[in-house]
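Have a look at the structure below before the remarks.
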Amino acid sequence: QVQLVESGGGLVQPGGSLRLSCVASRNIGSLAKMGWYRQAPGKQRELVAIITNGGTTTYEDDVKGRFTISRDNAKKTVDLQMNSLKPEDTAVYYCNAVDGFWEYWGQGTQVTVSS
């Protein structure tokens, strides 16, 4: 089992940056995929970015070139650097981990992009 705890959310102006961090309760080297999802009010949860244990990354089209996902197995963290933020990026962001047949979620961190 893996517990995931996110941090780094907050209020930022359009065009600004935030860095989200997710720390796991145990070693993440064996976890096939880790990633970030988001859910805006009234919408379904959607993929933002994922990174495999081999370092392969996948991004949702709208965040390509603006967001960067990274993984540090030694620190047991997965970070999401978000640049050039837009109001439509406003959502609760969730950390996710896949371990075989099991999937784990963090409690979420709120990101609000507004002037």
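The values are calculated or read from the model by the stated rules, or taken from the named source; none is laboratory data. The structure presented is a predicted model; accordingly, all values stated were derived computationally and were not measured. The accessibility values were calculated without ligands, DNA or RNA, using every heavy atom of the protein model including side chains. Shrake-Rupley method; radii C 1.70, N 1.55, O 1.52, S 1.80 Å.
The residues of the chain present an accessible area of 52 Å² per residue when probed at 1.4 Å with all protein chains retained. A straight line joining the Cα centroids of the range 24-44 and the range 63-91 runs 12 Å. The mean sequence separation of alpha-carbon pairs under 8 Å and at least six residues apart, normalised by the residue count of the chain, gives a relative contact order of 37 percent.
Using a probe radius of 1.4 angstrom, the carbon and sulfur fraction of the accessible surface of the chain is 49%. Stretched out straight at 0.36 nm per residue, the stretch from GLN44 to SER7 would grow longer than its current Cα-Cα span by 11.2 nm.
For ARG26 and GLU88, the difference between the fully extended length at 0.36 nm per residue and the C-alpha to C-alpha distance is 19.0 nm.
Size of the chain from its Cα atoms: along the principal axes, largest to smallest, the extents are 41, 26, 22 Å.
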